[in-house]
Structure formats: C-alpha cells, structure tokens
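Note sheet for the following structure.
The values are calculated or read from the model by the stated rules, or taken from the named source; none is laboratory data. Worth saying up front: this structure is predicted, and the values here are computed from it rather than measured. Reconstructed Cβ throughout: ideal geometry from the backbone, glycine too, with neighbour counts over all protein chains shown. For accessibility, only protein heavy atoms count, side chains too; no ligands or nucleic acids. Shrake-Rupley method; radii C 1.70, N 1.55, O 1.52, S 1.80 Å.
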Amino acid sequence: MTAKEKHDLPATIRVVPVDASGRWLAAAWMDLRRTPGLSIGYGAIFVVASFALSFGLVALDLGSLILPLMGGFVLMAPLLVVGFYEISRRLESGETPSAGTVARASYANIGQVGAMGAVLMMVFLVWTLLALVIFALFYGQNPPSLDRFVEEIVFSVRGAAFLALGTAVGAVLAALVFTISAFSVPLLVDRPVDVVTAIAVSAAAVRANWQVMFGWAALIVILTGVGFLTLFFGLAVVMPLLGYATWHAYRDVIRPH
C-alpha cells in the first residue's frame with residue numbers, strides 16, 4: 001500500500017525505479033561541485049569532530065569504544081546533515097547559499113527537528129547501552145586497549161562472536177532509524193509538519209520503495225565506511241554527498257500536499 005492510498009498522510013509517495021539511487025548521487029555530486037567551499041567546509045566539521053573524539057578515547061585508554069561510537073554516528077547522521085538539505089533546497093531555487101543563511105534557515109522548524117533529534121538520541125542511547133552490555137559480556141568491566149582490541153577481533157573466536165553480535169544488534173537499530181528518518185528529516189526542513197507525521201510518511205515511503213531503499217541503505221553504509229577507513233578525511237566529501245543525495249531522494253519520492 002502506498003501513501004496515495006493513505007489519505008491521512010499529507011503527502012503522495014512515488015514508487016521509483018530500483019536504480020534511482022544513482023540519479024540521487026549524480027544530483028548530489030552536481031550540488032557539491034556548485035558549492036565546493038561550503039560543502040567541504042561543512043564536511044570538515046565531521047572530520048575534526050571524529051579526530052577529536054577518537055584521540056580523546058585513545059588518551060583515556062578507551063580506544064576500543066571507537067567502533068561502537070562509529071555505529072552511533074551513523075544513527076545520528078540524518079540529523080547532523082540538516083544543513084546540506086538546506087543547501088540543496090536553496091540551489092533548487094536558484095539561490096547562492098551561504099553558511100549564515102543556511103544556519104538561519106535550518107532553524108525554521110526547529111521545534112519538530114529538535115523532537116526528531118530527541119527520538120534519534122533515544123535510539124543512540126539504547127545503542128550505547130547495548131554496546132556496553134555486549135562489551136561486558138565478552139570483555140568484562142574493562143574494555144581492552146585499541147591495539148589489543150584489534151588483535152582480539154581479527155585473531156580470536158571470541159572477537160568474531162563479539163563482532164557478529166554487535167553487528168546484528170547495530171543492524172536492527174540502524175534499520176529502524178533508516179526507516180523513520182530517511183525522509184522525515186528532509187520533510188521537517190521543507191514543510192511545517194509535526195514529527196509523528198513526518199515519521200509516518202518516511203516509514204510509508206521506505207516500505208513502498210523497499211527495494212531501492214535497501215540498496216540505498218547499503219550504499220550509505222559503504223560510503224560512510226570509506227569515510228572512516230580514510231582516517232576520517234573522506235568524511236569531508238562523503239557527508240556532503242550523502243546529505244545532498246538524501247535531499248534529492250526526498251524530492252524524488254515525496255510529494256507533500
């Protein structure tokens with residue numbers, strides 16, 4: 001059932017072809033090329049924040065917590081890239097976006113965006129709690145240092161079991177977050193709707209386009225992984241691309257009434 005058949009939702013949901021994600025990324029690349037300084041500058045914030053958090057954890061001998069916090073980053077990402085949605089929206093209108101105008105416009109529906117942030121934060125806290133429980137199950141009260149943790153993951157049965165369980169739990173939470181946030185956050189930026197309605201629209205849109213959205217979710221994981229594996233430097237490009245592509249996905253799938 002699509003949103004066309006759900007008259008209580010203030011939007012029509014289009015069913016797009018399974019290769020639509022390629023079109024979204026192509027449009028995102030064009031947005032990045034039109035605003036290289038603003039895009040990379042915004043993306044650099046993620047690089048600096050990732051470095052600061054990682055070095056802080058290593059300094060506290062908690063480097064093994066970097067991996068679960070990367071998972072938490074993915075859960076919060078739909079909200080963290082709100083500014084990129086606004087840049088794409090302004091480019092659509094023929095405007096030249098700037099950091100100041102984007103920052104001000106991003107607060108247009110701040111109450112409901114903030115409520116969505118609270119929802120994602122709750123999921124993030126659940127993930128953090130579960131990650132700590134999984135750590136405790138396998139490694140006791142004190143997590144191993146980063147060098148021992150990597151060796152443990154790669155060369156031990158216990159490490160493989162830990163990684164498998166953590167990945168499974170993280171995948172379930174990530175699927176939930178993706179379903180409720182894939183289109184809801186752009187909708188909240190674009191229209192004055194409430195967070196419950198935005199979540200309902202997002203869930204219906206993901207369900208109606210489950211094939212392309214499954215591939216799109218996998219692509220998000222791959223690109224984010226590239227950003228992490230390049231010592232976070234890749235996030236300066238990956239985050240703008242994913243933010244812009246998410247906006248174009250929203251425009252392609254959702255037709256607000």
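Cα convex hull, the stretch 183-231: 83 Å³ per residue, rounded to a whole number. When each of the peptides 237-247, 49-59 is scored by how many other beta carbons lie within 10 Å of its residues on average, the order from highest to lowest is 237-247, 49-59. According to the Cα-based calculation, Rg over Rh for the stretch 119-226 is 1.08, with Rh computed by the Kirkwood formula. Per atom type, the chain shows carbon and sulfur on 71% of its accessible surface, probed at 1.4 Å.
Put simply, the C-alpha atoms of the stretch 1-91 give a gyration tensor, and the ellipsoid matching it has half-axes of 34, 20, 12 Å, longest first.
Here's how it looks for Thr12: its modeled amide H is under 5 Å from those of Arg255, His257, which are all 5 or more places away or on a different chain.
Computed on the chain, the Cα convex hull volume stands at 130 Å³ per residue. Long hydrophobic helices in the chain: the complete DSSP H runs spanning 30 Å or more by Cα along their own axis with mean Kyte-Doolittle hydropathy of at least 0.0 are 36-59, 110-139, 157-181. Could you work out [θ]222 nm for the chain from helices alone, using -39500 (n - 2.57) per DSSP H run of at least four and dividing by all its residues? Round to the nearest 500 deg cm²/dmol. Mean residue ellipticity at 222 nm (helix-derived): -25500 deg cm²/dmol. Considering only alpha-carbon pairs that sit under 8 angstrom and 6 or more positions apart, the relative contact order computed for the stretch 154-214 is 27 percent. Net length available on complete extension from Ala26 to Ser156 is 42.6 nm, with 0.36 nm assigned per residue and the Cα-Cα distance removed.
A cut-off of 5 Å between modelled amide H atoms, ignoring neighbours fewer than 5 places along the same chain, links Phe233 with no other residue. The residues of the chain expose, per residue, 49 Å² of accessible area to a 1.4 Å probe. Between Thr230 and Leu53, full extension at 0.36 nm per residue minus the direct alpha carbon distance yields a gain of 62.1 nm.
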